[in-house]
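Report on one structure; see the data block that follows.
The values are calculated or read from the model by the stated rules, or taken from the named source; none is laboratory data. It should be emphasised that the depicted structure is a prediction, and the values quoted were computed from it without experimental measurement. Cβ coordinates were reconstructed from backbone atoms using ideal geometry, including for glycine residues, and neighbour counts include every protein chain displayed. Heads up: the accessible areas ignore ligands, DNA and RNA and are worked out on the full protein's heavy atoms, side chains in. Shrake-Rupley method; radii C 1.70, N 1.55, O 1.52, S 1.80 Å.
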Amino acid sequence: MLYVQRPTSPAAPLHKLLLASTLLVLTACQTAPMERDYDTSRDFTQYRTWSWAEPAVTFTPRDDPRVSSDLTSQRLRQAVRDELDARGLRLAANDQTADLQVQVDVISEVEEDQVTTTFGGSIGYWGWGWGGGPAYTQSHSVDYQVLTLQVDLRDADDGQLVWRGSEQEQLWDAATPPVERERQIRDMVGRILSGYPPS
């Protein structure tokens, strides 16, 4: 004898399906491929010290209060310093000429994705017989805020860009605690500078 368990709810409410699909899209948009570029003619073993460019950290747009702040700048500067130190690059003393100048660009922008949700159209046995229904498709746009971090290393002698790395993630919201903002910055900077020096 065949026993078929009757589901408690044959179909999920539409708003739950839409919410689930939106969350999946936003999760997929949280990270983008990392980008790196560098001058292949440079000998990166010659670079041993670094200093901050002026300005050390720039924000675009400058008036976005979610990211443009002294706190964000401090977190970025500490994260970059720790990562460069781990790679054998030392912050030059005040009276010392550095080999590299470092600048971090922080870009906040809104991006949009189209979300398409399909529901219905299933055929199954629900305990009282076979049944099914037509499939419905609904599309809507989802806006989300994106944070891009870009780290530039310039030769201090000629001012030329020798290495650049950048990464993009979904920006934290107002409810994100400071410790999580710091973790996100440290993680992003760590992944960006994991490609330095180029092999």
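Okay, here's what the table says:
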item: Any hit, the range 135-149, residues being at pLDDT 95 or above and either in a strand (DSSP E or B) or under 20 Å from Trp52 (Cβ atoms) (or both); result: yes
item: The range 171-199 residues that are closer than 18 Å to Arg66 by Cβ, paired with ones that are among the basic types (Lys, Arg) and open to solvent by 30 Å² or more (accessible area, probe 1.4 Å) (beta carbon under 6 Å, 6 or more apart); result: Trp172/Arg181; Glu182/Arg75; Ile185/Arg75
item: Answer from Asp82, Asp95, Asp105 - the residue that is at pLDDT below 95 and of a type in the set (Asp, Glu); result: Asp95
item: Residues being over 16 Å from Ser199 (Cβ atoms) and open to solvent by less than 50 Å² (accessible area, probe 1.4 Å) - total across the range 31-51; result: 4
